[in-house]
Amino acid sequence: MNSIIRNILAVITGIIIGSIVNMGIIAISGSIIPPPKGADITTMEGLKATIHLFKPVNFLFPFLAHALGTVAGALLAAFIATKHKMKFALGIGLFFLIGGITNILLLPSPTWFTIVDLVGAYLPMAWLGATLENKIINMVKKIFFVGLGLILIFIIYLLVNTYNFKSTQLKYEPATVFKINRASIENFSNAIKIKTVSPENDIDFDSLQFQNFETFLIETYPLVDSLLEKKTFNSFSFLYKWAGTDPSLKPIILMAHLDVVPVIEENLPDWKHPPFGGEIINDTIWGRGTIDDKVGVIGIMESLELLLKDGFKPTRSIYISFGHDEEIGGVNGAKSIAQYLKDEKVEAEFVLDEGGSIVQHMIPDIDKDVALIGIAEKGFISLELSVKMEGGHSSMPEKETAIDIISNAIVKLKQNPFPAIISAPIDGFIQNLGPEMPFINRLVFANKSIFESVITGIYEKSASGNALVRTTTAPTIFNSGVKDNVIPQSASSTINFRIIPGETLATVTERVKDLINDERIMIKKGDFISEPSKVSSTSSFGYTTLQKTISEIYPEVLVAPYLVVGGTDSRHLNDISDNIYRFSAIKLNKGNIKSFHGLNERLPVSDFENSIRFYYQIIKNSSTK
C-alpha cells in the first residue's frame, strides 16, 4: 500500500477507534457509577445546571474515557503509520486534546478535573500508546517466532510418529492349492437343501429337519463319524473330539452352527432362486445358510474328512462344536456344550467361530481385501420401559399421557448417546490397517492420542462405523393404545443396547435410569442378556496361527483385528479360553453383505473351496507347538 495513503489511514483509523473507545466507556459508566441523585444527564443544559452535584468519583469514567480512547487511537495510528510513528501518535493525542478543551468550554467542570484531564489524558496517553505499540510489536514478533517454533516441533512430532507407523502385515509362503472335488460342492448344495430353521416360536421348530441333517453328516462324512468321538446335546447339537498325540498341549475348538434364520414367506417372490434349493448357477451356490453358517459346518467337515483320508494325526486335540440354535441365542446348543467342556475342565488354546470375514472395498482408502478377525464382540441387553396412569377420552387430554412419558424417555436416551471411545479391538484395527492407508490417514492414525476425537467423529458419521465406537441405543418396539379416541392407560417400549467392551450390563442399565430420571417409569430387563466378551490377545498362538493361515490361503489379503457388533455362539465359551476369535474364510462386499438374514443369500463356489482349504490348513498349523 502507498505510504501516504497508509499514513492517512492511520490518522483516520486512530481518530475513529479512539472515539469509539471513548464513547463506549462513557456509555457504560452510568451503570457502574450512577450519577448523583437529582442530576440531569439527558441534556447539555441539565448537565450544566447540576454539575455541582457531581462528586470526584463521578469524574473517574470521563477521565478514563478520554485517556483510554487516546491510548487506543494513538496505538493504532502508530501501528498503521509507515514511519514517524511517535509523531502520528502525538497527532492523535493533540486531536483529542483539542476536543477536550472544546468540551470544557462548552461544559465547565471543576478546576481540579480540568487540569488533571488536559494535562494527563491526552498527550501523555498518546506518547504511551506509541511506546506500547513498539513493545507490542516486539512482543508479537517473539510470540510469533515462539509459536512458529512450537508448530514446527509439533509437525516434526507428527511426522516422526507417522514415519515410525510401520506395517504390521506378515508375509508367509502361500499354501499349496489342492483341488476340491466336485462331490464336496454337491455336499454343500445338499446341506443347504435341509431346512434347519430356528424359528422365533418353539412350536414352529421342525425337529425332523435337524434329524435329517444329522443323518446327512453321518452318511456324507463316514471317517469323521467313525474315527472321532462324538457327543450330542439336547438332541441336535454336536461336539466332536479328535484326540491329539500330545495331551500336554491345550486343545483348539472350531465352531459353526447348523441352524439358519427363517425365510419370510412374503419375500419368496423376490428370491432369484429358491432359498432352500442349493442351486449352483454360474459358479455360485444359492440358498439360506450359504454364508451364515453352513459354509463353516461343511468347510470344517470336508477338511476333517480330507485330513483323515491323508492319515494326518494332530499333535494337539481338536474339538468341533456345532450348535443348533445360534440364531436364537444358543442356549440349548453352544451353552450346553460350553458347560460340558467346563465340567470336563477343558482349557482351550484358542476358539475359532464365525463373525469376521474378508471384506472387499468396504474400508475407505484401502483397495486390497482385508481379513477382519473378531477379537471381541459387543454385549446385548434390551430394556422395556413401561408406565401406567389414568387414561380417558381424547377430547379432554391431560397435560401428559402415558405415550408422552415413554416418548420423552426415548428422546432423552437418543439425545444423550453413550460416549464414543476407541476400544481395544478398534485400536488394533487402526494399528494394523493405518499403515496401509494414504499419507493423511496414516498421519491421523499414527497420532491417535492427539486426533482421537477426529477419528471417532469419522466413525460416527455412518451407522456401521458408529456401532464400532459406542454402545448403541435402538428403540425397537412401542406398544400403546387400542382406539383413536381413547387415551391409553399404559405405554411401553423396548430399547435394545449393543454394549461396547468397557461397558457392562450394570453400567448401561444405571445410565438409562439416570438419563430417564422418572420414577413413574418401570425398567425391566429382557429375557436374553449378554455381557461384552473379553478382548482376546493379538499376540497369542491362536491369533498368529490364524493370521498365518489366512496369509497362506489369501497371500494378498491384509489382516486386522476387529470388533464384532453382532453375537455369536462363542460368547458361551468365555470360561473355556482367553483367546476367542471370530472369522470365516469367505468374502463379503456391498453386493452380498445384506443377503444373509436377507434376500438371495449366496456364495461363490471359489469361496466355499477356499473355506475347506482354510480349515484344512489351520488344523495343520495348530499342530505345531
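See the values below:
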| read-out | value |
| --- | --- |
| Accessible surface ranking that places the most exposed of Met255, Met125, Met522, Met44 first, with a 1.4 angstrom probe | Met522, Met44, Met125, Met255 |
| Carbon + sulfur, % of accessible area of the range 278-416 - ligands and nucleic acids excluded, 1.4 Å | 46 |
| Ordering of 394-407, 338-351, 143-156 by burial proxy (mean other Cβ atoms within 10 Å per residue, highest first) | 338-351, 394-407, 143-156 |
| Accessible-area composition of the range 547-598, carbon plus sulfur, in percent [1.4 Å probe] | 47 |
| Range of Cα positions in the range 221-286 per principal axis (Å), largest first | 55, 31, 22 |
| Extension gain (nm, one decimal) between Phe154 and Lys412, 0.36 nm per residue minus Cα-Cα | 88.8 nm |
| Within the range 1-76, trypsin sites (Lys or Arg not before Pro) in DSSP loop having at most 12 other beta-carbon neighbours inside 10 Å | Lys37 |
| 16 Å reach of a label modelled at Ile33, 7 Å along Cα-to-Cβ, counting backbone N of the range 69-101 | 69 |
| GluC sites (Glu not before Pro) restricted to DSSP loop in the range 127-220 with at most 12 other C-beta within 10 Å | Glu200 |
| Accessible surface, the range 297-380, averaged per residue in Å² (probe 1.4 Å) | 34 |
| Net charge, Met255 excluded, C-beta distance under 12 Å - Lys, Arg +1, Asp, Glu -1 | -3 |
| 1.4 Å probe accessible area per residue over the range 58-188, in Å² | 60 |
| Segments 323-332, 543-552, 263-272 sorted - mean Cβ within 10 Å per residue, highest first | 323-332, 543-552, 263-272 |
| Expected 222 nm ellipticity per residue - DSSP helices of 4 or more, -39500 (n - 2.57), all of the chain, to 500 | -15000 deg cm²/dmol |
| Surface accessible to a 1.4 Å probe, Arg182 within the full protein complex, Å² | 130 |
| Cα long-axis angle, helix 334-343 against the chain (0 to 90 degrees, to the nearest 10) | 80 |
| At R0 = 30 Å, FRET efficiency that the Cβ-Cβ distance of Met362 and Tyr172 yields, to 0.05 | 0.80 |
| Whole-percent pair-distance distribution, where bins are 10 Å wide, for the alpha carbons of the range 485-594 | 10, 30, 27, 18, 10, 4, 1 |
| Distance cut-off 24 Å, percentage of C-alpha pairs in the range 280-427 lying past it | 63 |
| Largest to smallest accessible area among Glu601, Glu460 [probe 1.4 Å] | Glu460, Glu601 |
| The range 164-209 versus the range 497-524: alpha-carbon centroid distance in Å | 37 |
| Apportionment of accessible area to carbon and sulfur, the range 127-192, percent (1.4 Å) | 71 |
| Two-decimal log10 I(q)/I(0) for the range 335-392, as the Debye equation yields it once each C-alpha is a single scatterer, q = 0.13, 0.29 Å⁻¹ | -0.68, -1.19 |
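The values are calculated or read from the model by the stated rules, or taken from the named source; none is laboratory data. Since we're looking at a predicted model, the values are computed, not measured. As a convention, Cβ positions derive from the backbone with ideal geometry for all residues, glycine included, and neighbour counts pool all protein chains shown. Side chains included, ligands, DNA and RNA excluded: accessible areas come from the protein's heavy atoms. Shrake-Rupley method; radii C 1.70, N 1.55, O 1.52, S 1.80 Å.
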